[in-house]
Every structure is written in structure tokens, then in C-alpha cells.
Amino acid sequence: MEPRMTSESSENSVLVGRMGRPFGVRGFGRVVVLSDNPGRFVDDWGQTFLLAPSSRLTGRSRRLELEETAYKGDILLLKWRGVDSPEALREISGWDILWEGPDDWIPEDPEELRISDLIGMQVIDADSLQDVGKIVDFYERPGQDLLAIEAEGREVLCPFVEPLVPRIDRDKREVYVQWSIVGTSG
């Protein structure tokens, strides 16, 4: 796995979530869980996580202790120790949440990947077999996940679905994309 690194992250960091908008007035914030461990965060009170600006944000990474979790319907809310207001939470809204402990998720299928494993992989046009870019980020959306591909100085979003991403070569770190369809958007 190629974890997302920041100047302060360790080699063993795993992307497990992304901070969303504030919720309420006590410093709770929505979180997008990017871990394949469905119980992530629920049993992790008192654990320290590294919060780092995602690729489009700026700021200095911070280690924060998880103080409390709650649910509002299906939305998971997190409260970090020392982050006690919506204004304080806005400073880290959109930031990646990284777990620096042992990776506690083991896929049942050895071919299975986390979507975060794809960051840094080369993107190859499935038809011409030409290198067209690199995966720099991803977005989890309710309908489908999107891969953010940097190609010719611009970001191209590709739905992460089998017809458009027919093959991933884990060993070569290559993702094959139907570029004639994906690369023409924009």
C-alpha cells in the first residue's frame, strides 16, 4: 500500500476518514469514513489520529485525540479533544484523518484494495496502453466513488466503476481507464 504522506506522517499511516462540516456548537464534526472497518472510530475514544490537509488544502498536520463519537441518523460525528467550537472545527474541515497504528483491516480477498491504495498509481489508457496521468486523490460519493486523475496539468474525475476502470495491475501500480470516454470530459 502507498499511504498518503505528509511531512509529519509516518510510513505506516493509513487514510481512514475525512473531516466534514461542523455539526452543532460543541465542536462535533461530520466525518466521511474511508476505512473498510465499519466500526472505525466507535471504539477508538482516547486514540490519537493524525489530521493532515488533503491535497487541495493547506496547513500544518496535527495529531488529535478522539474524545467522543455520536450518530445523528446515519451520519457519524467526531469530537476531538481541544476542538470545542464550530470555528475551531472549520480549520480542519476537509482534512484527511490518518491512523498511524497497526493496520487493523485485512481483506478477505487478496485482490481487494482500498480506494486509497490507488493514490499515486499511473493511469493507462485501456485502448492505446499509453500513460495518461496519475491518480492524485479520490472522492467518496453516495452514487459512486470518483478517482481524481492528474493529466496534462488538469484534474480529470473518473467514476470508479468497472466499465470505465476495467483493470488494476497492483504489481505494476497501474490503473487502466477508458480514456476515450473519461479524458474527453471537462
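The values are calculated or read from the model by the stated rules, or taken from the named source; none is laboratory data. If you're wondering where the values come from, they're calculated on a predicted model, not measured in any experiment. Note that we place each Cβ from the backbone using ideal geometry, even for glycine, and neighbour counts take in every protein chain shown.
So in segment 112-125, with the set limited to residues that are under 26 Å from residue 180 (Cβ atoms) and assigned to a loop (DSSP other than H, G, I, E, B), which one is modelled with the lowest pLDDT?
113
State all residues of segment 11-34 that are assigned to a loop (DSSP other than H, G, I, E, B), of a type in the set (D, E, K, R) and within 19 Å of the chain's Cα centre (by Cα); if no residue qualifies, say none. Correct list: 11 only. Would you confirm, using the coordinates I've provided, whether residue 82 is small (Gly, Ala, Ser), modelled with pLDDT of 90 or more, outside any strand (DSSP E or B) and under 16 Å from the mean Cα position of the chain (by Cα)? It is false that residue 82 is small (Gly, Ala, Ser), modelled with pLDDT of 90 or more, outside any strand (DSSP E or B) and under 16 Å from the mean Cα position of the chain (by Cα). Would you be able to say whether some residue in segment 162-171 is in contact with a helix residue (DSSP H, G or I) (Cβ under 7 Å, 6 or more places away or on another chain), under 24 Å from residue 18 (Cβ atoms), among the hydrophobic types (A, V, I, L, M, F, W, C) and in a strand (DSSP E or B)? No: segment 162-171 contains no residue that is in contact with a helix residue (DSSP H, G or I) (Cβ under 7 Å, 6 or more places away or on another chain), under 24 Å from residue 18 (Cβ atoms), among the hydrophobic types (A, V, I, L, M, F, W, C) and in a strand (DSSP E or B).
Each row is one residue, and each column tells you yes or no for (1) more than 21 Å from the chain's Cα centre (by Cα); (2) at pLDDT 90 or above; (3) of a type in the set (A, V, I, L, M, F, W, C); (4) assigned by TED's automatic domain parsing to the domain that holds residue 94.
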site	(1), (2), (3), (4)
127	yes, yes, no, no
134	no, yes, no, no
142	no, no, no, no
157	no, yes, yes, no
177	no, yes, yes, no
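Residues are listed down the side, and each one gets a yes or a no for (1) among the hydroxyl-bearing types (Ser, Thr, Tyr); (2) in contact with a Cys (Cβ under 9 Å, 6 or more places away or on another chain); (3) crowded, with 19+ Cβ neighbours inside 10 Å; (4) farther than 26 Å from residue 117 by Cβ:
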site: 29; (1), (2), (3), (4): no, no, yes, no
site: 34; (1), (2), (3), (4): no, no, yes, no
site: 43; (1), (2), (3), (4): no, no, no, no
site: 51; (1), (2), (3), (4): no, no, yes, no
site: 62; (1), (2), (3), (4): no, no, no, no
site: 69; (1), (2), (3), (4): yes, no, no, no
site: 89; (1), (2), (3), (4): no, no, yes, yes
site: 95; (1), (2), (3), (4): no, no, yes, no
site: 98; (1), (2), (3), (4): no, no, yes, no
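Does residue 22 meet the test of being under 24 Å from residue 73 (Cβ atoms) and at pLDDT 80 or above? Steps first, answer last, please.
Working: under 24 Å from residue 73 (Cβ atoms): yes; at pLDDT 80 or above: yes.
Spelling it out, residue 22 is indeed under 24 Å from residue 73 (Cβ atoms) and at pLDDT 80 or above.
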